[in-house]
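Below is one structure; the comments refer to it alone.
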Amino acid sequence: MDQLALTYTVPLTYGEDGTIRIRGSRVTLDSLVHAFQQGATAEQIQDSFPSVALRDIYGAIAYYLEHQEQVEFYLREQGQAAEDLRHVVESRPDVSSFRAKIRTRRLQSDKA
């Protein structure tokens, strides 16, 4: 009798920017883990990300649960990088003046 293979290839891949995505999709590990932490089941996550196979969602969740400390560290790094980028973008003069224009228009339309 043939034996069952007891290894599983994790359905995750690193993008060029260092972001971990679900294999064959643009869905990030961050998004999947966040949904899982909010109590979503694998099936509910698939409803939100129909391009991802259910087996890959289960595989990513299993990887997260098996490597929770490392994944949490990765998520914190990703969050800090996003925060840093937000500060850079918001500090640019052209963005600040654009936001001021939008606020002014919004106030004018609210008064009308």
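The values are calculated or read from the model by the stated rules, or taken from the named source; none is laboratory data. Keep in mind the model is a prediction, meaning the values are calculated, not measured. Every residue, glycine among them, receives a Cβ derived from its backbone with ideal geometry; neighbour counts consider all protein chains shown. Surface areas here come from the heavy atoms of the whole protein model, side chains and all, with no ligands, DNA or RNA. Shrake-Rupley method; radii C 1.70, N 1.55, O 1.52, S 1.80 Å.
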(message) If you scale each eigenvalue of the Cα gyration tensor by 5 and take the root, what three semi-axes come out for region 32-88, rounded to whole angstrom and sorted largest first?
(response) 24, 15, 9
(request) Sort all Cα-Cα distances of region 71-112 into consecutive 10 angstrom bins from zero, then give the percent of pairs in each bin up to the one containing the longest distance. (result) 26, 27, 24, 17, 5
(request) Give the relative contact order (percent, whole number) for the chain; include only Cα pairs under 8 Å separated by 6+ residues. (result) 18 percent
(message) So if the hydrodynamic radius of the chain is defined as the Kirkwood radius over C-alpha pairs, what does Stokes-Einstein give as its diffusion coefficient at 10 °C and 1.306 mPa s, in µm² per second?
(response) 93 µm²/s
(request) May I ask you to give the solvent-accessible area per residue for the chain, in square angstrom, as obtained with a 1.4 angstrom probe? (result) 78 Å²
(request) Measure off, as a whole percent, the carbon and sulfur share of the 1.4 Å-probe accessible area of the chain, all protein chains present. (result) 54 percent
(message) I'd like the GluC sites (Glu not before Pro) in region 67-109 restricted to DSSP loop residues with at most 12 other Cβ atoms within 10 Å, sorted by number.
(response) none
(request) Compute the FRET efficiency between Q3 and H34 as 1/(1 + (r/R0)^6), taking r as their Cβ-Cβ distance and R0 = 41 Å, and round to the nearest 0.05. (result) 0.60
